[in-house]
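The values are calculated or read from the model by the stated rules, or taken from the named source; none is laboratory data. Bear in mind that the values here come from a model prediction, so they are computed numbers and not experimental data. Note that we place each Cβ from the backbone using ideal geometry, even for glycine, and neighbour counts take in every protein chain shown.
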Amino acid sequence: MPALLIHASLLLTLAAAICAQAPDQRLPIEHDDFGLPQRSASWLPYAAAEGHVCNRIFRQLYLAECIPTAVAAALPREHTDAKQFFAAGWYFKKRKGEERDRRWFGGDGRQLPAEGLPQPAATQLKNWLQQIDGDVTNELLSRPRAAVWFQHDLLRFARRLLDVKQNPELVQPLLACAHRVALPRQVLLSSSVRTTTLEDVATKIPGFDQRRCIEVARNSSRLFDAEYVQLWSTIHLVIPELQREAVIAWLTAGDQRTPLAMHTVALLMQGIVAIDDQGKPCATDLVIEARTQRLSNRDPLAFDNPTTTRDGVDFAMWSLARETVRDTDSSVHNVPFTSFRSIDMESQALFRDYGSRKHTTYAAQCALCHRRSNTPDEAIAGFSALRTSSQPAPAKPGARRRLAEREMLRFLDKLRAK
Ligand code: HEC
């Protein structure tokens, strides 16, 4: 065969192999909307069958086309000269969203774009919730991880409806459905719901020596209160060169604390607080997200400061996809951290921390609260849990999970009173 033909047939084989792969669910890095969901992607988080009722409910809640209230200047299409743009306050800059900013948001991740449903969709959701019963429920309960996560999706949307004061008629059906998919406590506490563990994550993070790491107890902001987020969260801190005792001494020295050492790393882990079949909150081992923060330098904020915040702090984030859980057999004792999706900090999403929807990059969103410079307390370099007002202290094992269960109970009491 002439060389040219061999070449052509090779190319064809290659092209066929690429087409055979599932199309990417998110827009690629070259795209102006890097990271937003592909319009044509199919989302099948709970079952391989497109029309499975859990998939339908998920898509109703986790995918939405909307005009964001605000559009951040950090989006590459929103600023022309990056050199000038990355100056003090870059993460605050934004403008009001307009028709041309209409986009498709969400997907299999943490961002819940829905803020209440218009009438036909709300009635449809109610019907779908009723279909979660009998065989559908039994099949779901045979996959504990999927059942816990699906319940979390329902409760999270119920919380959203309370927050935005929309669709009060959906709150009880959501709660009732969450009860129908509840598992016995002994299953919730078993390895059949476990995903990754601190040990597993720690070994994958450069500079994170678990033998020297301490868990930080602190007063949480709302962002980490299970009454509002239905998740527990733990923070683990490693300060280079310091042994545990020295880290504790630093942590509790109050005003005497020296500036945080270079290359300090904090790891944040978040997992689902489920409700068991008796209606009681249960903090499970179903970890869905891990984030790290690292102090990389104390150079001035500038375009060429090669860190996420552009003033010295680096972030990394890993999120577990429901689809990964869908494909993991429940007899497996965990879902390895290596199967979590690493999130590019320059990718984009719709965030909703202060009650209005903003289209921005992960980097700009994280820098908002975690910038190192231009803050009253530069010594802690944007490590929020270390603020004196958070009263950081060494945590007792399991205390954060018990706290999250008590917070979750407050939420359930509110829901049940509706
Ligand atoms: C609205 C403010 C806010 C935003 C936005 C935010 N965080 Fe945080 N973050 C906090 C607070 C407050 C804490 C301290 C924990 C607590 O309150 O219990 C924290 C804690 C953390 C920690 C543990 C170390 C520390 O600083 O205490 C990490 C890691 C972290 N966040 C990563 C991120 C990443 C990555 C992003 C971007 C996706 C992000 N955060 C966005 C407020 C925020």
>> I'm told L403 meets every condition in (1) surrounded by 17 or more Cβ atoms within 10 Å (Cβ to Cβ); (2) more than 10 Å from the ligand (Cβ to nearest atom); (3) not in a helix (DSSP H, G or I) except one. Can you identify the failing condition by its number?
In response: (3)
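Given the options V287, V238, name the one that is touching a Gly at 6+ places or on another chain (Cβ under 6 Å), modelled with pLDDT of 95 or more and within 21 Å of A316 (Cα to Cα).
Numbers: V238 fails: touching a Gly at 6+ places or on another chain (Cβ under 6 Å).
The match here is V287.
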>> Quick check on my filter: what residues within the range 59-93 are among the basic types (K, R) and either closer than 30 Å to L129 by Cα or touching a His at 6+ places or on another chain (Cβ under 9 Å) (or both)?
In response: R59, K93
>> Looking at the range 270-289 only, could you name the residues that are over 17 Å from L154 (Cα atoms) and surrounded by fewer than 23 Cβ atoms within 10 Å (Cβ to Cβ)?
In response: Q270, Q278, D285, E289
>> Which numbered condition in (1) at pLDDT 95 or above; (2) farther than 19 Å from P336 by Cα; (3) in a loop (DSSP other than H, G, I, E, B) is the only one that A176 fails?
In response: (3)
>> Looking only at the range 306-324, filter to residues that are surrounded by 20 or more Cβ atoms within 10 Å (Cβ to Cβ) and assigned to a loop (DSSP other than H, G, I, E, B); which one of those is nearest to the ligand (Cβ to nearest atom)?
In response: T308
> Pairs under 8 Å by beta carbon, first residue on the phi > 0 side of the Ramachandran plot and more than 7 Å from the ligand (Cβ to nearest atom) in the range 212-231, partner among the hydrophobic types (A, V, I, L, M, F, W, C) and part of a helix (DSSP H, G or I), six or more apart or different chains?
Replying inline: Q230/L155; Q230/M408; Q230/F411
> When the range 280-319 is examined, which residues are found to be of a type in the set (D, E) and within 13 Å of the chain's Cα centre (by Cα)?
Replying inline: E289
> Can you name the number of the only condition in (1) of a type in the set (A, V, I, L, M); (2) outside the structural domain of E405 (by TED's automatic domain parsing); (3) buried (at least 21 other Cβ atoms within 10 Å of the Cβ) that L260 fails?
Replying inline: (2)
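Listed residues T324, T307; which is more than 29 Å from R160 (Cα to Cα) and without any contact (Cβ under 8 Å) to a residue 40 or more places away in the chain?
Details: T324 fails: more than 29 Å from R160 (Cα to Cα).
None of the other options fit; the residue is T307.
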> Here are some residues: V148, V171, V181, V136. Which one is over 24 Å from S42 (Cβ atoms), in contact (Cβ under 8 Å) with a residue 40 or more places away in the chain and β-branched (V, I, T)?
Replying inline: V171
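Would you mind stating whether E215 is assigned by TED's automatic domain parsing to the domain that holds V335, in a helix (DSSP H, G or I) and not polar (S, T, N, Q)?
Details: assigned by TED's automatic domain parsing to the domain that holds V335: yes; in a helix (DSSP H, G or I): no; not polar (S, T, N, Q): yes.
Taking the combined requirement at face value, the residue does not satisfy it.
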> Which of (1) at negative phi; (2) surrounded by fewer than 18 Cβ atoms within 10 Å (Cβ to Cβ); (3) not charged (D, E, K, R) is the odd one out, the single condition N374 does not satisfy?
Replying inline: (1)
>> Is it the case, given these coordinates, that T264 is over 27 Å from L61 (Cα atoms) and within 16 Å of the ligand (Cβ to nearest atom)?
In response: yes
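May I ask you to say which residue of G355, G382 is part of a loop (DSSP other than H, G, I, E, B), more than 30 Å from D277 (Cβ to Cβ) and in contact with a helix residue (DSSP H, G or I) (Cβ under 7 Å, 6 or more places away or on another chain)?
On the way: G355 fails: in contact with a helix residue (DSSP H, G or I) (Cβ under 7 Å, 6 or more places away or on another chain).
Being part of a loop (DSSP other than H, G, I, E, B), more than 30 Å from D277 (Cβ to Cβ) and in contact with a helix residue (DSSP H, G or I) (Cβ under 7 Å, 6 or more places away or on another chain) holds for just one of G355, G382, which is G382.
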> Of all residues in the range 344-362, which are in contact (Cβ under 8 Å) with a residue 40 or more places away in the chain, within 9 Å of the ligand (Cβ to nearest atom) and in contact with a Phe, Trp or Tyr (Cβ under 7 Å, 6 or more places away or on another chain)?
Replying inline: A349
> Out of the residues in the range 363-389 that are near the ligand (Cβ under 6 Å from one of its atoms) and not hydrophobic (A, V, I, L, M, F, W, C), which is farthest from P259 (Cα to Cα)?
Replying inline: Q365
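Can you work out which of the residues in the range 232-246 that are buried (at least 21 other Cβ atoms within 10 Å of the Cβ) and more than 9 Å from the ligand (Cβ to nearest atom) is nearest to A283 (Cα to Cα)? Walk me through how you get there before you give the answer.
Step one: filter the range 232-246 for residues buried (at least 21 other Cβ atoms within 10 Å of the Cβ), giving 232-239.
Going one step further and asking which of them are more than 9 Å from the ligand (Cβ to nearest atom), we end up with 232, 234, 238-239.
On the way: W232: 7, T234: 12, V238: 25, I239: 28 Å.
Here the residue is W232.
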